[in-house]
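Input: one structure, supplied below.
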Amino acid sequence: MVPPSAATATADAEISFSDLATNTFDYGLFVDGLTAAQITGADVHTGAAGSNGAAILPFGAAATWSDPDLPVGTAPSDEAADQTDSDITEPALRAGNTYVDVHSSAGDIRGQLTLDPQDGYGGTATGLSAVRTVENLVGGSGNDTFKGSVPHNTFDCGPGSDTVTADPTDTLVNCGPEAPPAKPVGSVSPLKPKATLKGKKVTLDTGATATCPAAATAACTTTASATAKVGKKTLTLGKSTASVATGQSATVSIKVSKKALKSWRKAGKIKVTVTVTLTVPGGAPVTVTKTVKLKAPGG
């Protein structure tokens, strides 16, 4: 809110696009320090930093969220996947003029939605050693290095001995024989971690699918880990390693150890950080990370 409220609670929110062609997105909203009864609503609004704007995506009162943390917990959260809304598009959010507002009887919590450099976003510049978040680049007379991000790039290399890392969908102009062939590029879909109980065993389903490119020189390898902070200690919930054949995809899961599960159940709902890395022979590794609040099932 503008002017600022006196709220002492905090919140984290994220919107990630799983399909840029259709602007299909996942979202997560995590509040710490308020009960569901105190949160009367939450929305995504239009508006630059320091100004108020209209609500364009309502999350509703916390009692209706996917995890309201009832009856009196102070960490309610709401998550949803594969959403579409005409007001929530990648170009609209890229402009930086949207924010999330959590309304409560203890005061509002507001935060501007910003771009994540780990997803290929950053700033724009001219005449510098690095230029980010630009979809069409023209090289200078020197030796340039180009690396594409999202969603599609056009590179005009120009003179010099240039280095290009491009996806198959990118357009290369005047890059000449000096540009090395593109390295094989693998992918890991956005993480959507969930814990499941089968018998006495708990598995963390990362929600990710790892794809090994057909151009890889050998089978790819996925490594995954799940850790959490319990007090001042870092708790390793589990790790996994698996092989993915070239041109194939595989889901990624992590088995939780018995010792870690006991500590997790004792700690209750905690922030769990899940990391998945796909190693691509002949190409660069791909790493994705996500932190979510999870409670151990069966506790």
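What does the highest-first list of 199-206, 228-235 look like by mean Cβ count within 10 Å? Intermediate values should be presented prior to the final figure.
Numbers: 199-206: 16.6, 228-235: 12.2.
Listed from highest to lowest mean packing, they are 199-206, 228-235.
Would you please state the base-10 log of I(q)/I(0) at q = 0.21, 0.26 1/Å for region 197-266, with intensities from the Debye formula using one equal scatterer on every alpha carbon?
So the normalised log intensities work out to -0.86, -1.09.
How far apart, in nm, are the 7 Å Cα→Cβ label points at residue 105 and residue 171?
Distance between the two pseudo-spin positions: 5.8 nm.
Report the semi-axes of the equivalent ellipsoid for region 10-114 in whole Å, largest first, where each axis is √(5λ) for an eigenvalue λ of the Cα gyration tensor.
Ellipsoid semi-axes (Å, largest first): 23, 16, 10.
Next question, about the same structure. Can you give the FRET efficiency to the nearest 0.05 for residue 217 and residue 289, using r as the Cβ-Cβ distance and R₀ = 30 Å? Before the final figure, lay out the partial values.
On the way: r = 26 Å, r/R0 = 0.87.
That pair, residue 217 with residue 289, gives E of 0.70.
Could you check the simple spin-label distance between residue 209 and residue 255, using points 7 Å along Cα→Cβ, in nm with one decimal?
Simple spin-label model gives 2.5 nm for this pair.
As a test of understanding, state the convex hull volume per residue of region 165-299 from its alpha carbons, in Å³.
Working: hull volume 15.9 nm³, N = 135.
So the per-residue Cα hull volume is 118 Å³.
To the nearest 20 debye, what is the magnitude of the charge dipole of region 187-294 about its Cα centre, counting +1 on the Cβ of each Lys and Arg and -1 on the Cβ of each Asp and Glu? Write out the running numbers ahead of the final one.
Working: 19 positive and 1 negative charges, 222 e Å.
Computed charge dipole of region 187-294: roughly 1060 debye.
Could I ask something else about it? Using the structure shown, list the pairs from 183/229; 183/290; 183/255; 183/232 with a Cα-Cα distance above 30 Å, or answer none. Show your work: numbers first, answer last.
On the way: 183/229 37 Å; 183/290 26 Å; 183/255 32 Å; 183/232 42 Å.
Among 183/229; 183/290; 183/255; 183/232, the Cα-Cα distance tops 30 Å for 183/229; 183/255; 183/232.
Let me ask you something else. Return the distance in nm (one decimal) between the two label points of a simple spin-label model at residue 154 and residue 85, each offset 7 Å from Cα along Cα→Cβ.
Between residue 154 and residue 85, the label points sit 3.3 nm apart.
With +1 on each Lys and Arg Cβ and -1 on each Asp and Glu Cβ, and nothing else charged, work out how big the dipole of region 1-110 is about its Cα centre, in Debye to the nearest 20. Please report the intermediate quantities before stating the final value.
Values: 2 positive and 16 negative charges, 85 e Å.
For this selection, approximately 400 debye.
If you don't mind, there's one more thing I want to ask. Among 190, 260, 204, pick out the residue whose Cα is farthest towards the positive end of the charge dipole of region 165-260, where Lys and Arg carry +1 and Asp and Glu carry -1 on C-beta, about the Cα centre.
Among 190, 260, 204, the one farthest towards the positive end of the dipole of region 165-260 is 260.
Charges on Cβ only, +1 for Lys and Arg, -1 for Asp and Glu, centred on the Cα centroid of region 10-78; of 22, 45, 68, which one is farthest towards the dipole's positive end?
45
Bear in mind that the values in this text are calculations on the coordinates, not laboratory data. None of the values given here were measured: they were computed from a predicted structure. In this analysis, Cβ positions are derived from the backbone assuming ideal geometry, glycine residues included, and neighbour counts consider all displayed protein chains.
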